[in-house]
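Here's the structure, in structure tokens; my notes come after.
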Amino acid sequence: MDPTLQATQTGSLSKPFRAPRGGIAVALLARVLLFSTVVTLVVTTVQLMLSYQAEVSGLQSRFNEIEEGYARGLGNALWALDSKQLEGQLDGMLRLPLIRYVEVRETHTTHPLTISRGSRQAENIVVREFPVYCCDKDARQIGVLHLEASLTDIYRDLLREAFVILVSNAMKTFLVALFILFMVHRLATRHLVDIATALRVRKPCVAPVPLLLLRRPRRKLDELDQLVDAINMMVGRLERHASELGSANTQMAAILDNIPDLAWVKDTDGRYVAVNRALARALGYDDPAGVIGKTDFDVHPPEYAQAYRADDAEVMASGRRKRLEEHHAEASGRCTWVETIKTPFGDGRGQQAGTVGIARDVTERRKMEEELRRSEALQSEGQRLSHTGSWSWHIPSGTVVWSDEHFRIFGFAPGEVEPSLDLVVNCVHPDDRPMMQASIADAMREPRNIEHEFRVILPDGSIRYISAIARTVPDESGAINELMGVAVDVTARRQAEAEREARHAAETANRAKSEFLAMISHELRTPLNGILGYAQILLRDKALGEKYRGNINVIQQSGLQLLTLINDVLDFSKIEAGKLEFSLSDINLVDFLRSIEEIIRVRAEQKGLNFVCNVTADSPCGIRADANRLRQVLLNLLANAVKFTDQGHVIFNVALHAGRDGLARVRFEVRDTGIGIDDDHRTLLFRPFEQLGEESRRIGGTGLGLAISQQFVKLMGGEIRVESGMNEGSTFWFELQLPAATGEIGRRQPTAIATGYSGPRKKVLVVDDVRTNRAVAVEMLASLGFETFEAEDGRSGIEEAERLHPDVILMDIFMPGLNGQDSIRELRAKAGSLSKVPVIATSASAASSDKLRSMTAGADAFLSKPIEQNQLLEQIATLLKLEWTYKPDVTCVTDSRTDGPIVVPPGPEMEALHYLARMGDMREIQLWARRVGELDARYRPFARRLSQLAQRYQSQEILRLVARYMGTS
């Protein structure tokens, strides 16, 4: 066995001397040699510098000697130009030590004398020059003495001296160093080696043996003895600490192995140094030792391992602890969320040694947090959608908490301001503050719920209506210390209520207006029915004189004009109420436009204007529209064009183009060269009751024509547009997409005046609460041979019908007591022939719904008042299948004067004819011609010509004929 090991195990420190191969002895030797060398060099350098200075001082002394000893002799010889004497003196100088070259030369002469001895050197020389004087009484420089001394010998001597010094000192130093090395090793280093060997072979968990130095005892402990004692004390302490640390580690390992958290220690390379049992099991190992030495890439999926490694690097680089939540994959494939804390630890020397980590499974907590977040988000979204904010006020601390939507309700972004009671009070409208404060005070005195509405003023100055509901929250003692509740933004509801009230008020006003207009219309149409009805009856009376016929014609035309005005007002009222309805029918566009053209042409010719009507069509000219409404629009536009044009022309362009899906596109355009419209007044064109132009041009209008026309066109799917400038004329146009008419469209044929009917007499029962209306109807029908009967209300009408069994009943629908519609229903409910008797419903109301309700009640036909006799007769003929009988036409009466000169009736009659011609009513024109022919035989040629044109539906020729003779009547 090695004696060194044996001595160590027994606690003794003794071994034979061995030459050191390093360690302290070698380091000490190296340092001694280095120090000695440095000292030797310094001392040698100092000695050499002193020797050099001594030599240089000696050389300077020689220069001084030469100057003092040779100066006078050289001056005299140079003054005498004695070359031999000069050379001799120079040779004497060369014999001096270190002098290698001398020279004397004459100065201040043209051809100076120069004498030199010795040889020059290129380096290591010292040069001196001295002036040469002559004449002791008058010292004057006559030359220069030049000396050169060599330093080479000095340098050689110094080098030799340095070598000797260095060699001698090196020998001394080496010997001293060897002795020191031996003594240090003998006294210290060998014992230190023994101590280190003994400590190196000591085994842990073995009772330590004290270290001893085997040498002669000392009377006083030296440094080695003190070192051994200190080592023995330190070893004892370390063993105790190791035992304590082992016990603590065992306890910590037991703790870590029994906690559910995952714990580990990694080194700087990411290898596991220690893990607890929970982590080992999560990674699929039964024993934690199986994880030691592995990295995250060995036990985790690559994406997780990469993230873990990046976190470890960040922690070690920053030197700070890191807390994070991350995914953790277990060996079973289950992926969980863990809250991880990673902390760096060092090696005690300021270097990072790795990381310590602990992770806790927070999957369930994350689920609960996610559910809580979703619940809060759902609540927040519900509050946002319902504009409901929640709040609380902790009374003792004054803390006010608002939800995000509560901030928004008060006009702030969430978190923009710090909520407080003062802020709430300042936001509440001043008029509502007392009520709110009183409600809170009452609830504080007597705990109860609070419900009230108030206004808040937002930061932008706008006002919102808030509905608040709150309750008091008592503490353990029963004292109220908190209020909490919700606030709902009810601004939209309040606005909706206000709008609903306003709409209800507007609807009530519109309904009242409609009812008023309907009542006024009914009240106006009722007397108009009598006026126009008797006008028609009187105009058919042959016994009436010409003068009275003209007066009655004026009454009739005035009544028709009043009826047109009433219809315009009712149309405008229906447009405002949105109740305007259209009655569609097939229209022959050519005939329809020709009738309009004939009316407008007469007006244009009366003003001396050129009227042009252009119709272009690429398909059959049949459309389906409301003829009356469309005619009203076109006549209004054309009449305005003629009215506001004093010279030039009016052009009416109509273009019809076939479209898709059975539609036709029609463009109507009216151009004129009138006064035009400026930009300021153009916006007023389609406003109701607005009349533009001079006062003289406003006569005869109500300002409703264009407004009604625009609404009619919009309801048809178009819009009237205008292009105009002052004194540049105007162009009005609109386009419509209308259904194309299918099949052949027949033309309206004129009819003759009926004087009776064929067959047995028919009974007609007239039921009307207005006696005048009954009288008009009776007069119209009795003259044609009908047997007429009257009833003044619905109940008496039914009784008369049961008694008389009439062939047709003329029933007014608005009557007191049992009205006409209920009377019709009751008649239809009766048994026998009475349930099938034809009923013609009549009404002075202009509502289109009256016709629908009447037809639904069981009426066979419907007529509006004032009743036109021809329409009444047409309906009766259709229902009873009658054939009318006519008296002979005046144009067929043989009279010797029918071929005489044409004589026209007086002015009122011609004006009435002119109106009929403009309206294009060929039936009335024929009746007018028949009546005028019966008045006076002189008018028969004119009546015959007029009747012929009416029979051929030549409306344009009729207008020209009337215009030609109106000035002669």
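Remarks
- When each of GLU482, GLU476 is tested for being open to solvent by 60 Å² or more (accessible area, probe 1.4 Å), out of contact with any Lys or Arg (no Cβ under 9 Å at 6 or more places or on another chain) and farther than 21 Å from LEU385 by Cα, the lone residue that passes is GLU476.
- Matching residues, the range 362-390, being of a type in the set (Ser, Thr, Tyr) and either outside any strand (DSSP E or B) or open to solvent by less than 30 Å² (accessible area, probe 1.4 Å) (or both): THR363, SER375, SER380, SER386, THR388
Yes/no per residue for (1) more than 15 Å from ALA359 (Cβ to Cβ); (2) at pLDDT below 90:
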site	(1), (2)
ALA274	no, yes
ALA278	no, yes
THR295	yes, no
TYR304	no, yes
GLU330	no, yes
CYS335	no, yes
VAL338	no, yes
ILE341	no, no
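- Exclusive hit being under 19 Å from VAL127 (Cβ atoms), in a helix (DSSP H, G or I) and hydroxyl-bearing (Ser, Thr, Tyr), set SER51, SER36, SER57: SER57
- Looking across ALA122, ALA139, one residue alone is open to solvent by 70 Å² or more (accessible area, probe 1.4 Å) and within 21 Å of GLY75 (Cβ to Cβ). It is ALA139.
- For the range 618-633, the tally of residues that are without any contact (Cβ under 8 Å) to a residue 40 or more places away in the chain and either under 14 Å from THR731 (Cβ atoms) or touching a strand residue (DSSP E or B) at 6+ places or on another chain (Cβ under 8 Å) (or both) stands at 1.
Residues are listed down the side, and each one gets a yes or a no for (1) open to solvent by 40 Å² or more (accessible area, probe 1.4 Å); (2) in a loop (DSSP other than H, G, I, E, B):
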position: VAL612; (1), (2): yes, no
position: LEU630; (1), (2): no, no
position: VAL633; (1), (2): no, no
position: ASN636; (1), (2): no, no
position: ALA639; (1), (2): no, no
position: VAL642; (1), (2): no, no
position: ASP646; (1), (2): yes, yes
position: VAL654; (1), (2): no, no
position: GLY674; (1), (2): no, yes
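- Set side by side, the residues TYR101, TYR70 differ, and just one is aromatic (Phe, Trp, Tyr), under 20 Å from ARG140 (Cα atoms) and surrounded by 15 or more Cβ atoms within 10 Å (Cβ to Cβ), which is TYR70.
- Residue check for ILE154: outside any strand (DSSP E or B), surrounded by 14 or more Cβ atoms within 10 Å (Cβ to Cβ) and not polar (S, T, N, Q): yes
- The single condition among (1) modelled with pLDDT under 90; (2) over 18 Å from ARG771 (Cβ atoms) that LEU781 does not meet is (2).
- Pick from the range 173-230, criterion under 23 Å from LEU29 (Cα atoms) and small (Gly, Ala, Ser), ranking: least open to solvent (accessible area, probe 1.4 Å): ALA177
- Residues (under 17 Å from ALA359 (Cβ atoms) and hydrophobic (A, V, I, L, M, F, W, C)) located in the range 282-293: ALA282, LEU283, VAL291
- Residue check, SER849 of a type outside the set (D, E, K, R) and either touching an Asp or Glu at 6+ places or on another chain (Cβ under 7 Å) or open to solvent by 10 Å² or more (accessible area, probe 1.4 Å) (or both): yes
- Boolean, ARG660 is farther than 20 Å from GLN711 by Cβ, in contact (Cβ under 8 Å) with a residue 40 or more places away in the chain and either in contact with a His (Cβ under 6 Å, 6 or more places away or on another chain) or of a type in the set (D, E, K, R) (or both): no
- Among the residues of the range 793-818, those that are surrounded by fewer than 18 Cβ atoms within 10 Å (Cβ to Cβ) and on the phi < 0 side of the Ramachandran plot comprise ARG795, SER796, GLU799, GLU802, ARG803, LEU804, PRO816, LEU818.
- Considered as a group, the residues in the range 819-838 that are of a type outside the set (Val, Ile, Thr) and part of a loop (DSSP other than H, G, I, E, B) include one that is least open to solvent (accessible area, probe 1.4 Å), and that residue is PRO838.
- Pairs with Cβ under 7 Å, 6+ apart, first in the range 342-358 and over 12 Å from ASP312 (Cα atoms), second open to solvent by less than 70 Å² (accessible area, probe 1.4 Å): GLY346/ALA353; ASP347/ALA353; ILE358/ASP261; ILE358/LEU262; ILE358/ALA263; ILE358/ILE341
- PRO447 being under 30 Å from the mean Cα position of the chain (by Cα) and either among the hydroxyl-bearing types (Ser, Thr, Tyr) or open to solvent by 80 Å² or more (accessible area, probe 1.4 Å) (or both): no
One line per residue, one yes/no per condition, for (1) modelled with pLDDT of 80 or more; (2) open to solvent by 60 Å² or more (accessible area, probe 1.4 Å); (3) not in a strand (DSSP E or B):
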| site | (1), (2), (3) |
| --- | --- |
| GLU874 | yes, yes, yes |
| PRO888 | no, yes, yes |
| THR894 | no, yes, yes |
| ASP899 | no, yes, yes |
| VAL932 | yes, no, yes |
| ARG940 | yes, no, yes |
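- Test: LEU48 is within 22 Å of ASP153 (Cβ to Cβ), touching a helix residue (DSSP H, G or I) at 6+ places or on another chain (Cβ under 7 Å) and either without any contact (Cβ under 8 Å) to a residue 60 or more places away in the chain or open to solvent by 30 Å² or more (accessible area, probe 1.4 Å) (or both): yes
- Filter result for VAL666 (at pLDDT 70 or above, of a type outside the set (Gly, Ala, Ser) and touching an Asp or Glu at 6+ places or on another chain (Cβ under 6 Å)): no
- Any hit, the range 236-255, residues being outside any helix (DSSP H, G or I), at pLDDT below 80 and over 23 Å from ARG202 (Cα atoms): no
- Residues located in the range 764-792, provided they are open to solvent by 30 Å² or more (accessible area, probe 1.4 Å) and either within 22 Å of ASN870 (Cβ to Cβ) or in contact (Cβ under 8 Å) with a residue 40 or more places away in the chain (or both): ASP769, VAL770, THR772, GLU779, ALA782, SER783, GLU787, THR788
The values are calculated or read from the model by the stated rules, or taken from the named source; none is laboratory data. Since we're looking at a predicted model, the values are computed, not measured. In this analysis, Cβ positions are derived from the backbone assuming ideal geometry, glycine residues included, and neighbour counts consider all displayed protein chains. Just so you know, the surface numbers come from the protein's heavy atoms only, side chains and all, with ligands and any DNA or RNA stripped out. Shrake-Rupley method; radii C 1.70, N 1.55, O 1.52, S 1.80 Å.
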